[in-house]
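A short worksheet on the structure shown next.
The values are calculated or read from the model by the stated rules, or taken from the named source; none is laboratory data. Computed from a predicted model, the values in this text were never measured in an experiment. Cβ placement follows ideal geometry from the backbone for every residue including glycine, while neighbour counts extend to all protein chains displayed. SASA here: full protein model, heavy atoms, side chains in, ligands and nucleic acids out. Shrake-Rupley method; radii C 1.70, N 1.55, O 1.52, S 1.80 Å.
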Amino acid sequence: MNKFSYKIETERLVIRPFEKEDYSVWFTEYENRLPSQHKYDEGKIDMGICTKDWFMKLVENQQRLALEDKVYVFGVFRKADHTQLGAIDFSTLMRDEFQWARFGYTIHNQFWRNGYGQEAVKAAISLAFEKLNYHRIEAHINPDNIPSIKLAESVGMTFECIRKGFIYEFDEWTDNLIYFINSK
């Protein structure tokens, strides 16, 4: 099985790589986003460049990165109606004796407070350990991103440290909290 075809299902969700056929559901849910709810929520974004051809190239790039074992991007879809709820990504930091990755997660704000984030992240972590063969997964979280911290903790991730001046965003070097989980 190709790495870009891995998927996992939960009671309500399917977590799988994006396919070219996902364009309309992907575009619709980005268009339906609510205005930003807080600092770390993009809210509505300009979808002007997001043509079908643009999306096809995006999917091809995601497949190439997965085959190269660099980045894996998974769409989060609701089983009942194939609605695209968000995305989860894993970036390989190091293989060899480490088997280490960073991951990120997002649920479109119009679907918040339904438990989709927790359900999707739990399943994706399982997929990362069982199919992508990572041993350690880290989430790098801004110290004031309380929803992300709560989500990481709710799926069994452990706070490890603060990395000072770790990422350049908001026009400055910012700290990140490091949460991690290891395979069993």
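May I ask you to compute the full-extension gain from GLU21 to GLN110, defined as 0.36 nm times their residue separation minus their alpha-carbon distance, rounded to one decimal in nm?
29.8 nm
Could you list the trypsin sites (Lys or Arg not before Pro) in region 81-183 that lie in coil according to DSSP, counting only those with at most 10 other Cβ atoms within 10 Å of their Cβ?
ARG113
Give the total of Lys-Lys pairs in the chain with Cα-Cα distances below 20 Å; include a pair only if its members are 8 or more places apart or on different chains.
Eligible lysine pairs with Cα atoms under 20 Å apart amount to 23.
Pop out the carbon and sulfur fraction of the accessible area of the chain as a percent, whole number, probe 1.4 Å.
Answer for the chain is 52 percent, counting heavy atoms of protein chains only.
Express as a percent, rounded to the nearest 5, the fraction of DSSP beta bridges in the chain (both residues included) that run antiparallel.
Of all bridge pairs located within the chain, approximately 90 percent are antiparallel.
How much accessible area per residue does the chain have, in Å², with a 1.4 Å probe?
Per residue, the chain has an accessible area of 54 Å².
Counting Lys +1, Arg +1, Asp -1, Glu -1, what net charge surrounds GLU11 among other residues with beta carbon under 14 Å of its beta carbon?
Around GLU11, the charge tally is +2.
Over the chain, what number does the Rg to Rh ratio reach, with both radii from the alpha-carbon atoms and Rh per Kirkwood?
Dividing the radius of gyration by the Kirkwood radius yields 0.94.
State the three equivalent ellipsoid semi-axes of region 72-153, derived from the C-alpha gyration tensor as the square roots of 5 times its eigenvalues, in descending order and whole Å.
Its equivalent ellipsoid spans semi-axes of 23, 16, 9 Å.
Using only helices, what value at 222 nm comes out for the chain when you add -39,500 (n - 2.57) per DSSP H run of length 4 or more and divide by the total residues, to the nearest 500 deg cm²/dmol?
Using -39500 (n - 2.57) per qualifying helix, the result is -8500 deg cm²/dmol.
Mind giving me the nanometre distance, one decimal, between the label points for ASP96 and THR174, set 7 Å out from Cα along Cα→Cβ?
3.2
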